[in-house]
Amino acid sequence: MAKMIQCQAMLAVVVSLASTIALAQSSGSAIYIPKCAGCHSPNGIVTDEYMKSRGTPNASDPYIQRLSLKQMFTSVKNGKFGANGPGMPPFKGRLTDAEITDVVAYFRQLGTAVSAQSSGSAATGLTPEQQKQMEDIKSHNAETLKYNEIVETLNADLLTSRQAIKDGDSAPDVRTKTAKYGEAETLMMKDTQIKPDASVLWLQLGYAQAGLMKYSQAETSFMKVIELEHSVKYPNSQNLSSANSELAKIHARTGMVAGTDIASPATSKMTNNEVIQLVSAGLSDQVVATSIRQASNKDFDLSPTGLIALKKAGVSDAVIAAMQESGTAAQAAPPNVIPQPPPAPAAAVTPAPAPTPASPCADIDYLGVIQAVTGGGMMAGSNAYGGRVRNRAPYTKEVDFAWVMNGRAETGTFRVPAGQFIDVNLGVGSGPPTNVRVVTCR
């Protein structure tokens, strides 16, 4: 966001000065009126109260008159901060050196001509039509200045929010984490109401809500980012990438999270509607197919009617094929299958076998892959992947994992505290790890 206030008038209004200020019209005046008069006034005497509060100088101010033409040239070309906040923007690249020289000379000439006159008598040289045109310019500039003040506030809130989330991420205890994420959420909820078309504010709000484990609300915020970016001609690819990455993390928890509590994987089902939501969020076929394969409980409608509905919703053939491969636990038996005869009754009652000892991994749940974008440079196009693991036992366990990443078999051992879940590092690759499994526990 620009830190310098744009004082260039948006209306190309040519205003003639009164005969009481006998200045010859020059190329300097032709530049000054549309480029400079909106802030400095056409006669060089600032009358707008807001511009006065910003410290905008008059052409006749003694310290302006003491400046050399070279000093004035440098200020116009490179810009200058005002006495009480953002001031004149740089005109480098917008005016040539010759044009800057002409407008500086004209401004100096204005100051010399009006130094003995009051601002009231000098302003009377404008016709009513010219007065109205200048008032329109001042009104537009005042709106621009007020808008820039709002933007400055939003930028400050963004910095505060980012720091709060960073502090929350590194906080050692839940209370501090909640307080920091809550601070960021409060700021961004306020700011998204002030400027609801700024996707970066929704993105930051989603980060805060995800930190508070308000996954449903975070999903809505990230979806808003995607909606806003797709509505503009030149979307911000970084915001889109971040929103899609965060949505992938949330969707990886589908079937694991209800509200703010970890739920049993068997309590939630992935259905056609969930698949359509993932596709509508702009996730790639690979990410959606991976989520389908990793879902522990599926209930897809793969009937002709269901397949037609999926296709109309924009679901690709590759994703539909993944749904068909994964199937559903409640699939009906295929037609025209000859039923098998019931087994013959046992000749004699045999004693029940001894109970099988519980597996040392019975209390360990592997809950799926979590994806995070790693960034650019040499890592561009690669993602970091983690696996979420939960230990339901009343004591800490060491868990041996095996998986395949980038076509290479990998193994790792991770300590999972009692009654908690952790995200283990499965590495970086262009695609998610496959064949992730728990090998042994102790």
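The values are calculated or read from the model by the stated rules, or taken from the named source; none is laboratory data. As the structure is a prediction and not an experimental result, all values here were calculated from the model. In this analysis, Cβ positions are derived from the backbone assuming ideal geometry, glycine residues included, and neighbour counts consider all displayed protein chains.
Here are a few things to note about the model shown:
- Of all residues in the stretch 417-442 being surrounded by 14 or more Cβ atoms within 10 Å (Cβ to Cβ), at pLDDT below 85 and among the aliphatic types (A, V, I, L, M), the one that is farthest from ALA384 (Cα to Cα): ILE422
- All positions within the stretch 164-194 that are modelled with pLDDT under 90, surrounded by 12 or more Cβ atoms within 10 Å (Cβ to Cβ) and not hydrophobic (A, V, I, L, M, F, W, C): GLY168, ASP169, THR176, LYS177, THR178
- The stretch 216-248 - residue that is buried (at least 19 other Cβ atoms within 10 Å of the Cβ) and charged (D, E, K, R) and, of those, modelled with the highest pLDDT: LYS224
- Filter pass, ASP301 being among the charged types (D, E, K, R) and under 28 Å from SER430 (Cβ atoms): no
- Scan of the stretch 307-318 for residues that are surrounded by fewer than 15 Cβ atoms within 10 Å (Cβ to Cβ), in contact with a helix residue (DSSP H, G or I) (Cβ under 9 Å, 6 or more places away or on another chain) and either assigned to a helix (DSSP H, G or I) or modelled with pLDDT of 90 or more (or both), ordered by number: LYS311, ASP317, ALA318
- Of the candidates ALA402, ALA409, the single residue that is touching an Asp or Glu at 6+ places or on another chain (Cβ under 9 Å) and of a type in the set (Gly, Ala, Ser) is ALA402.
- Condition check for GLU99: in a helix (DSSP H, G or I), assigned by TED's automatic domain parsing to the domain that holds LYS52 and modelled with pLDDT under 75: no
- Long-range neighbours under 7 Å by Cβ, at least six apart or interchain, first residue in the same structural domain as LEU240 (by TED's automatic domain parsing) within the stretch 176-200, second of a type in the set (Gly, Ala, Ser) and part of a loop (DSSP other than H, G, I, E, B): LYS177/ALA171; LYS180/ALA171
- Pair list, Cβ under 6 Å, 6 or more apart: the stretch 54-67 residue in the same structural domain as VAL104 (by TED's automatic domain parsing), other residue among the aromatic types (Phe, Trp, Tyr): ALA59/PHE107
- Subset of the stretch 278-291 (residues that are without any contact (Cβ under 8 Å) to a residue 40 or more places away in the chain, crowded, with 22+ Cβ neighbours inside 10 Å and more than 22 Å from the chain's Cα centre (by Cα)): ALA289
- On the stretch given as the stretch 147-179, residues that are more than 30 Å from TYR50 (Cβ to Cβ) and part of a helix (DSSP H, G or I) total 15.
- Count of the stretch 251-286 residues which are outside any loop (DSSP other than H, G, I, E, B) and either at pLDDT 80 or above or touching a Gly at 6+ places or on another chain (Cβ under 8 Å) (or both): 14
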